[in-house]
Amino acid sequence: SCRELAVRGPRLQLRSLSAATSAVWLAAYGLFAISENSMVLSAAIFITLIGLIIYLHFVKIDQESLLVISSLGIQVTSSYASGKESTTFIEMGQVKDVVINEAIHMQKVIYYLCILLQDPEDPQGVSEVVPLFQSSKPRLDCLIEVYKSCQEILEQRKTPPQSS
Amino acid sequence: MVLKVFFPSCCSSADSGILIGRWISKQSSAVILAVVHFPFIPVQVKQYLGEVQRVTKVSVSVLGSWSNSKQEKEESLSEFLEDLGTIFCHEPWIQISKEGDSKFWSCSTLQKHSKNPQEEEIILVYYDQRKVMLSHLHPPLDTAGQRAEDASKLSAIFDTVARSQVLFMTDRYDEGPIKLTHWQSDGVEASIIVELLKQASVPACMLLTFLLSLVSGICRSRVLKFWPLSFLWSKLSTCEQLGHRLQHLQVISSNKKSQNQNQLMRKANIFVSLLIDMALGMLLMSWLYRKNRIGHLADTLIPVADHVAEELQDLLQWLMGAPAGLKMNRALDQVLGRFFLYHIHLWISYIHLLSPFIEMILWYVGLSACLGLTVALCVLSDIIALLTFHIYCFYVYGARLYCLKIYGLSSLWRLFRGKKWNVLRQRVDSCSYDLDQV
């Protein structure tokens, strides 16, 4: 009937945060040593704070979840580290199937889960491919679990539910 | 099929009653629009629903019962609610109940005439009624005739709520036989300041409309429509911008309330953009009028104009004489070159004549920046256009000469091919020339 699957991405590491901050502040101190203008230092602090807020609000995705309801549709939610959530809802009438696709990227083969959307004119054709979990990029074993769950729900939309 | 029930989130704290809404049997979904509270007379409820159906063309009916009991579950109430199912016969009869402080709801259906008595799955979807009512679902880009059935199923839900606005006008606090709970019952939080602003805006709007009608009356008067003046107004970008702003102000200060959400948003958009424009204009003014910046600007303007004129004169000398010049013939070169040089000389003399007044002119024109940053930018662009007017003249002369040349060449080309331009028919006809004609 309905199921929600959530994949969490890696959290913001303290060491990468401190590395970025120290790099910016070292550069600012170098500029200060050259130009003798103390505004550079305060500007650097300001930039670091603003940059961190922008990164947490617009770039860093904490968790991506997939809610599959066999009679209504599929909802994909990404929640950012600052708490912002962006959702996309695809109606069940447009969904053809959910599959695992392979892609060759540079020197390796990556697997990703995607939703195939139905072409209205051609019942056998696929009009669009919507990739899922693009930030958290789970590996194949995780993808297989998600795939199996989704397929169980998607099968129910074809046949009416039997009495349990 | 799975039964989908769309329940408005504002009704989750309502008292017990019956649910009214629309049943879409093709999708097996029930869209609940409001809750009618006890006591009510069934006949009056049916009458009211008939009226609503007539006005909104949405088939509203009684769908089920809702019970929100603060104490323990009362047996008599549940029997009463089931009996209601016989009065308002609807198939299936939906029963939603919430007990006391429990977070969980129970939702079940009563099917009396079902063919296969089986446990049906029910999906309960909360929706924010006000937002669904105000939202527009964009139709798919290519809507052909046969796609009507394939159209999004959810659009029926949005459509139902949007079209039932009449239903949301009566409330449980109104005096009447029917007491409803829907999104209006929550009450909109209003602040005193907003209400006062609304009251104050009516006379302010009327005053503004009056002033604007005066101004536009003056602008449309016949005095300003004579040929040289009207040509000037159309060329100056400041006048155009001021005209646009006037139109915007007229839109905002109109007395009619906006019909729908689109118009309201447009009005609000224009209002906010005007405010920001004026704020930025004031900022620019406060920066410009300090430390005698206008004086500095005026002082640098004349030397810059002189410098440009000198460069132009050098360029013309170069074009007149040097190998890469206007290569037509020597005499024509000299004529055109001297003509343009005379132009530059005239223009520079006029600018030097004006030079004592430049600072005052700039000072007063800078005051117009308080109308908005866009007006200030228009004025700047107009000043630049006026200062380089001579270059524009060169362009006009050059373009006309080029046009003439092309015209002459094309008629010669047609002659060469044996065709002629037929003025009556506005097209090219063939014409055989004798040798002495050619």
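The values are calculated or read from the model by the stated rules, or taken from the named source; none is laboratory data. All values reported here derive from a predicted model rather than from experimental measurement. Please note: Cβ atoms are built from the backbone with ideal geometry, for glycine as well, and neighbour counts cover all protein chains shown. Each accessible area value is taken on the protein alone, full model and side chains, heavy atoms only, with ligands, DNA and RNA left out. Shrake-Rupley method; radii C 1.70, N 1.55, O 1.52, S 1.80 Å.
Name every residue in the range B:211-254 that is hydrophobic (A, V, I, L, M, F, W, C) and surrounded by fewer than 11 Cβ atoms within 10 Å (Cβ to Cβ), in order of residue number.
Selection gives B:Leu214, B:Ile218, B:Val223, B:Phe226, B:Trp227, B:Phe231.
Test B:His343 against the stated conditions and say whether it is in a helix (DSSP H, G or I), over 30 Å from B:Ser368 (Cα atoms) and open to solvent by less than 70 Å² (accessible area, probe 1.4 Å).
yes
Quick one: count up the residues across the range B:255-275 that are open to solvent by 60 Å² or more (accessible area, probe 1.4 Å), assigned to a helix (DSSP H, G or I) and without any contact (Cβ under 8 Å) to a residue 60 or more places away in the chain.
Of the residues in that region, 9 qualify.
Just for the range A:69-86: of the residues that are free of Cβ contacts under 8 Å to residues at least 24 places away in the same chain and away from every other protein chain (no Cβ under 14 Å), which one is most open to solvent (accessible area, probe 1.4 Å)?
By that ranking, first place goes to A:Glu85.
Are any of the residues in the range B:31-38 closer than 16 Å to B:Gly85 by Cβ and outside any strand (DSSP E or B)?
There is at least one residue in the range B:31-38 that is closer than 16 Å to B:Gly85 by Cβ and outside any strand (DSSP E or B).
Somewhere in the range B:99-117, is a residue outside any helix (DSSP H, G or I), modelled with pLDDT of 75 or more and closer than 23 Å to B:Lys57 by Cα?
no
Could you list, in sequence order, all residues of the range B:362-373 that are free of Cβ contacts under 8 Å to residues at least 40 places away in the same chain and open to solvent by 80 Å² or more (accessible area, probe 1.4 Å)?
B:Tyr364
Look at B:Ala298 and say whether it is assigned by the TED database to the domain that holds B:Phe357, out of contact with any Lys or Arg (no Cβ under 8 Å at 6 or more places or on another chain) and either modelled with pLDDT under 85 or within 30 Å of B:Ala162 (Cβ to Cβ) (or both).
Answer is yes for this residue.
List every residue pair whose Cβ atoms lie under 7 Å apart, where the two residues are 6 or more positions apart in sequence or sit on different chains, the first residue falls within the range A:1-28 and is over 14 Å from A:Phe46 (Cα atoms) and open to solvent by 60 Å² or more (accessible area, probe 1.4 Å), and the second residue, located anywhere, is in a helix (DSSP H, G or I) and among the polar types (S, T, N, Q).
Cβ pairs passing all conditions: A:Arg3/A:Ser149.
Scan the range A:13-63 residue by residue and report those that are outside any helix (DSSP H, G or I) and within 23 Å of the chain's Cα centre (by Cα).
Of everything in the range A:13-63, those that are outside any helix (DSSP H, G or I) and within 23 Å of the chain's Cα centre (by Cα) turn out to be A:Gln13, A:Lys60, A:Ile61, A:Asp62, A:Gln63.
Testing A:Val126 on (1) modelled with pLDDT under 90; (2) away from every other protein chain (no Cβ under 14 Å); (3) open to solvent by 80 Å² or more (accessible area, probe 1.4 Å), one condition comes back false. Which one is that?
For A:Val126, the exception is condition (3).
Could you tell me whether A:Lys108 is out of contact with any strand residue (DSSP E or B) (no Cβ under 7 Å at 6 or more places or on another chain) and basic (Lys, Arg)?
yes
Restricting attention to the range B:217-225, does a residue exist that is out of contact with any helix residue (DSSP H, G or I) (no Cβ under 7 Å at 6 or more places or on another chain) and outside any helix (DSSP H, G or I)?
The answer is yes, given that some residue of the range B:217-225 is out of contact with any helix residue (DSSP H, G or I) (no Cβ under 7 Å at 6 or more places or on another chain) and outside any helix (DSSP H, G or I).
A quick yes/no check of all residues on (1) closer than 16 Å to B:Ile122 by Cβ; (2) surrounded by fewer than 18 Cβ atoms within 10 Å (Cβ to Cβ); (3) within 14 Å of another protein chain (Cβ to nearest Cβ); (4) not basic (Lys, Arg):
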position	(1), (2), (3), (4)
B:Ser12	no, yes, no, yes
B:Arg22	no, no, no, no
B:Ile32	yes, no, no, yes
B:Phe40	no, yes, no, yes
B:Gly64	yes, no, no, yes
B:Asn68	no, no, no, yes
B:Leu81	no, no, no, yes
B:Phe88	no, no, no, yes
B:Ser108	yes, yes, no, yes
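Would you mind stating whether B:Arg163 is charged (D, E, K, R) and at pLDDT 75 or above?
Yes; evaluated as a whole, the condition is true for this residue.
Counting just the residues of the range A:90-103 that are farther than 17 Å from A:Gln134 by Cβ and not charged (D, E, K, R), which one comes out least open to solvent (accessible area, probe 1.4 Å)?
Looking at the filtered set, the residue picked out is A:Val95.
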